Amino acid sequence: MILQPWYLLVMALASWLDRHQQAAIEYLREENRVLREKLGKKRILLSDDQRRRLAVRGRVLGRTLLSEIASLFTPDTILAWHRKLIANKYDGSQKRGPGRPGTKQNVRELVLQMARENLSWGYTRLQGALANLSHSIGRNTIRRILQQAGLQPAPERHKGMSWKQFLKIHWDALAAADFFTVEVWTLGGLVRYLVLFVIELSTRKVEIAGLAPDPNGHWMKQVARNLTDPLAGFLANKRYLIHDRDPLFTEVFDQMLKVAGVQTLKLPPQSPDLNAVAERFVRSIKSECLERIILFGEASLHHAVEHFIVHYHRERNHQGLANRLIQPRESVGRCYGTIQCRQRLGGLLRYYHRAA
């Protein structure tokens with residue numbers, strides 16, 4: 001076979017170019033080695049753009065050629081950058097939703113409301129009640145909602161009724177009793193008087209059951225008769241009376257109330273927070289009235305307490321009742337008529353109102 005002159009020329013040129021490229025590659029490899037020696041063991045940190053550029057070039061060369069040429073980074077590293085580049089191209093995590101939608105907030109609140117108001121209802125009973133309202137929800141979902149809210153299943157939830165739940169359920173039938181002390185000047189010096197009061201929790205109405213310097217069991221029996229009188233007794237329509245463990249609340253006192261249909265509930269020792277409404281009344285009558293006057297004799301104590309009770313019911317706004325009066329005399333909210341001030345105890349207690 002006779003080779004054409006131009007073919008020999010092309011072969012010679014290709015051989016020269018190959019040797020030239022190989023020399024260039026050897027030079028670049030040696031330059032990289034020198035750079036690596038200068039850096040020592042220090043890690044070379046690249047930007048994302050630099051990694052991308054090397055990954056694109058390295059993918060074209062392939063692993064075999066990369067292993068011969070690359071000196072700063074291994075072929076595995078460069079190819080890993082290339083795989084990550086492809087993964088980022090098709091990454092749709094930023095556009096993906098959170099997965100299976102959760103239970104709507106209004107349905108969750110409805111589940112919790114039903115569970116709290118119906119302590120004996122189990123998961124299936126709650127599921128049925130929700131189905132009556134066109135809410136399709138699984139038993140496991142109901143169980144998870146109750147667990148997240150800290151509510152036990154039906155048997156344990158029924159047995160473990162909290163004090164707060166009990167008060168809420170029986171709010172209108174509850175009253176609370178407590179004592180507070182007042183120091184009164186007498187001919188024999190300072191004498192401590194005990195004042196017994198009963199407060200209706202739902203309306204905040206207060207009845208002063210009695211006051212005495214030395215109350216005893218006989219005195220408490222008379223108080224019990226007065227409170228449970230079927231016609232005028234303050235506890236005539238109540239079912240429960242909360243009181244602490246003061247020895248004056250004798251067994252005879254509790255038994256007399258029980259005969260009249262009022263069950264007494266004794267608070268745990270040293271737990272004033274469980275009788276918060278009564279404690280708040282004590283703070284009010286003392287800070288607004290009794291601690292701001294000097295009392296001389298039992299009559300002056302009667303006079304001060306009676307005026308405060310009238311003021312408390314008819315002239316004092318109560319935050320626990322949406323800032324309303326317990327027993328308003330006049331219609332509140334009129335914007336006409338002369339403004340007048342009603343004073344009690346020498347101006348210690350004041351009430352502003354418009355003239356009729």
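What follows draws every value from the coordinates through simple rules; no lab data is involved. Bear in mind that the values here come from a model prediction, so they are computed numbers and not experimental data. So basically every Cβ, Gly included, is an ideal-geometry build from the backbone, and we count neighbours across all protein chains shown.
Okay, here's what the table says:
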item: Amide H contacts under 5 Å for T264, placed H, 5+ residues apart; result: L241
item: Nearest-0.05 FRET efficiency for R83 and A129, computed from C-beta distance (R0 51 Å); result: 0.40
item: Residues in the stretch 210-244 that a label on A173 would reach, taking backbone N under 14 Å of a point 7 Å out along Cα→Cβ; result: 236-242
item: Phi to ³J(HN,Hα) by Karplus 6.51 cos²θ - 1.76 cosθ + 1.60 over the stretch 213-220, Hz, x for Gly, Pro; result: x, 9, x, 9, x, 5, 5, 5
item: Check: the stretch 256-339 dipole with +1 on Lys, Arg Cβ and -1 on Asp, Glu Cβ, in debye; result: 240
item: Of K238/K286; K266/K286; K221/K258, those spanning more than 21 Å from alpha-carbon to alpha-carbon; result: K238/K286; K266/K286
item: Under the Karplus curve 6.51 cos²θ - 1.76 cosθ + 1.60, θ = phi - 60°, whole-Hz ³J(HN,Hα) for the stretch 262-271, x wherever Gly or Pro sits; result: 10, 8, 8, 10, 7, 6, x, x, 6, 9
item: Potential extension, R354-H218 segment - 0.36 nm per residue separation minus Cα distance; result: 44.3 nm
item: Net charge dipole size for the stretch 105-161 [Lys, Arg +1 and Asp, Glu -1 on Cβ; Debye, nearest 20]; result: 140
item: Neighbour-count ranking [beta-carbon atoms within 10 angstrom, fewest first] of V259, V198, V191; result: V259, V191, V198
item: Inter-label distance for E183 and Y336, nm, one decimal - labels placed 7 Å from Cα along Cα-to-Cβ; result: 5.3
item: Order of L301, L227, L265 - criterion: other Cβ atoms within 10 Å of each residue's Cβ, fewest first; result: L265, L301, L227
item: Cβ-based exposure ranking for K205, K238, K266, in which fewest neighbours within 10 Å come first; result: K266, K205, K238
